[in-house]
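Since every read-out is calculated from the coordinates, none of them should be taken as a lab result. The model shown is predicted, which means the values in this text are computed figures rather than measured ones. A quick note on method: Cβ atoms are made from the backbone with ideal geometry, for glycine too, and the neighbour counts reach across all protein chains shown.
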Amino acid sequence: MVKVLLFARLQEEAGTDSLTVPQSDMSVAELKQWLEKEYGLTSLSNTMTAINENYTDDSALLSEGDTVALIPPVSGG
Amino acid sequence: MVKVLLFARLQEEAGTDSLTVPQSDMSVAELKQWLEKEYGLTSLSNTMTAINENYTDDSALLSEGDTVALIPPVSGG
Amino acid sequence: MTEKKRFLITEEPISTEDVIQKVIRRECGAVTTFMGTVREFTQGKQTIRLEYHAYKSMAEKMLAEIDKEVSNKWPGVTTAITHRVGTLEITETAVVIAVSSPHRKAAYEANEYIIERIKQIVPIWKKEYWEDGTTWVGDQLEKVPYPEGAPQKGAHHG
Amino acid sequence: MTEKKRFLITEEPISTEDVIQKVIRRECGAVTTFMGTVREFTQGKQTIRLEYHAYKSMAEKMLAEIDKEVSNKWPGVTTAITHRVGTLEITETAVVIAVSSPHRKAAYEANEYIIERIKQIVPIWKKEYWEDGTTWVGDQLEKVPYPEGAPQKGAHHG
C-alpha cells in the first residue's frame with residue numbers, strides 16, 4: 001500500500017487531495033500510468049515526484065508504506 | 001562674504017562646524033588655500049566641495065552669499 | 001515556538017520585521033530582504049486575488065535545503081524564509097526572504113539565489129483568480145519536469 | 001509629515017516597516033530592502049559603537065538625486081531611503097533602502113545600485129569608536145576626490 005498526495009491542478013482533477021493505492025510493487029512511472037488510467041489524471045509525465053518528501057525520478061521503485069507526492073510545476077514566491 | 005561648512009575630521013580640526021569668510025572674490029581652490037593657512041585645515045585637496053548644496057570643483061568661482069561645504073570622503077551606508 | 005522557525009509556511013499574514021529579527025546578528029553589517037507581493041496587473045491582465053497552496057512539511061524541508069545550499073556558496077550568511085498560503089489580496093505579501101551577512105554583496109546575491117530556487121524546487125502552487133477564470137501558474141507552460149538542481153534519487157537528500 | 005518623506009535623514013531609530021510602506025503599490029510584485037547594521041568586528045577589530053554625521057539638507061537632496069538616477073535606469077521602480085545619524089550601538093540600523101518594482105530583477109539591481117551610490121556621493125560620515133581610539137571612516141584612505149558620477153559644476157544639478 002502506498003499513499004499518494006495530489007496538489008494544485010491534480011487535486012482538482014482527482015477531486016481529492018490523497019489516494020491510497022493497494023499495492024506498492026511498482027515504479028513511479030508505473031504508478032503514474034495507473035493513476036492516469038484509474039483517475040483520469042493528465043500530464044503526469046510532466047510532474048515531479050517525491051517519495052517521503054524527497055524528490056525522486058520515474059525509475060524509482062516504491063516500497064510498502066511510502067508516501068508519494070505528485071508535484072506539478074511549482075509557482076511559489 | 002561666504003559661509004563655510006565643515007564636517008567630520010575638518011570640523012574637529014577647526015573646532016567649529018562653520019566659518020564666515022569676509023570676502024567672496026575667489027575660487028574654491030583659493031578658498032581652500034586660505035583655510036589651510038588660516039585654520040590649519042589639512043588634506044583639503046582631497047576634499048569634495050559643494051556650493052549651495054551642489055557639488056562643484058576647485059576651479060569654481062564663489063559669489064557673495066554662497067554657502068560652501070567642504071566634504072571629506074563620505075562613509076554613509 | 002512557530003515564530004522562531006527560520007523556514008516557515010504559514011496561513012497568517014507575514015510580518016517582515018519578525019522575519020528580519022531571525023537573522024540579525026552582531027557580526028552582520030548587511031541585511032537584505034525580499035518581499036513577493038500580489039501584483040494587480042500581469043501583462044495587462046488584472047488579477048483579482050491569489051491563492052497559494054503548499055505541501056507544507058516538504059516545503060519547509062526544501063526551504064531548509066536551500067539554506068544549506070546558500071551556506072555552502074556564501075559562508076557566514078544567515079537566512080530566514082516565510083511563505084504564506086491561502087487567499088491573498090492585491091499588495092499582500094506572499095513571501096519574505098531575509099538574509100544577513102557581514103558584507104553586503106553576499107546578502108544581495110544569496111537573497112536573489114533563494115527566490116530563484118524557491119521558484120524551482122519548493123512545492124508551493126499559485127492559483128490566479130482573473131475576472132474571467134482561474135489559472136494554476138506554471139502548470140500551463142511546457143516545463144522541464146526536473147529543474148536543474150532538483151535533488152535526484154540517491155543524492156544526499158535521498 | 002516626516003514619516004512620509006521618501007528620502008530622510010533622521011536621529012530616530014529606523015522602522016524598516018515604515019520605509020517599506022512608502023514603496024508598496026498595487027502594480028508591484030517585488031520589494032527589496034537593504035538594512036545597513038552596525039557590525040561588531042571589522043577585520044578582527046572590535047567596534048564599540050558608531051557615530052554618523054550628515055550634512056542633512058544636502059544629504060536628503062542627494063538621496064533624491066540617486067532616486068532620479070534609478071528611475072532613469074529602471075523605469076517603474078519606486079524607492080525610499082532613510083539614513084540615521086547620531087550614536088548607534090552594535091546591531092542597530094544605520095540605513096534602510098526599500099525598492100518596489102513590478103518584477104524582482106529590477107528591485108534587486110536598483111537596491112544595490114542605491115547603496116553603492118550612497119557610499120559615493122551622499123554627505124554622511126561615520127566615526128568608528130574602537131577600544132583604543134576613533135577613526136573617521138574613509139578619510140584615512142587615499143581616495144579620488146570626486147568619485148565617478150559626482151555632479152560637476154554646470155551639470156544639470158548646478
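For the reader, a short list of remarks on this structure follows.
- Inter-part distance where the stretch D:69-85 and the stretch A:55-77 are each reduced to a Cα centre, Å: 43
- Centre-to-centre separation between the Cα atoms of the stretch B:14-41 and those of the stretch D:21-37: 43 Å.
- Other-chain or far-sequence residues with amide H under 5 Å of B:Met26's (modelled H): B:Leu62
- Of every Cα-Cα pair in chain C, the percent that sits beyond 26 Å: 30
- Volume in Å³ per residue [convex hull over Cα atoms, computed for the protein assembly as shown]: 160
- Karplus-derived 3J(HN,Hα), 6.51/-1.76/1.60, for each residue of the stretch D:23-34, Hz, glycine and proline x: 10, 5, 9, 5, 8, 9, x, 9, 10, 10, 10, 10
- Mean shadow area of chain B, taken as a quarter of the surface of its Cα convex hull (nm²): 4.7
- Under 5 Å between amide hydrogens, built in the peptide plane, is the criterion, and for D:Thr10 it picks out D:His83, D:Arg84, D:Val85 among residues at least 5 positions away or on other chains.
- In this structure, C:Lys5 and D:Arg26 have a Cβ-Cβ separation that, at R0 = 35 Å, corresponds to a calculated FRET efficiency of about 0.70.
- Links that overshoot a 28 Å alpha carbon limit, given the list C:Lys5/C:Lys127; C:Lys61/D:Lys4; D:Lys22/D:Lys119; A:Lys37/C:Lys45; C:Lys4/C:Lys126: C:Lys61/D:Lys4; A:Lys37/C:Lys45
- GNM top mover of C:Gly44, C:Gly76, C:Gly29 - chain C, alpha-carbon springs below 10 Å: C:Gly44
- Within the stretch D:1-79: Cβ-based charge dipole about Cα centre, in debye rounded to nearest 20 (Lys, Arg +1; Asp, Glu -1): 180
- Cβ-Cβ FRET estimate between A:Asp17 and C:Gln43, R0 fixed at 22 Å, reported to 0.05: 0.10
- Segments C:106-117, D:80-91, B:42-53 sorted - mean Cβ within 10 Å per residue, highest first: C:106-117, D:80-91, B:42-53
- Crossing angle, helix C:104-121 versus chain C [Cα axis fit, 0-90 degrees, rounded to tens]: 40
- Nearest 10 degrees, 0 to 90: helix C:56-73 Cα axis against chain C principal axis: 40
- For chain A, the share of DSSP beta bridges that are antiparallel, to the nearest 5, is 75%.
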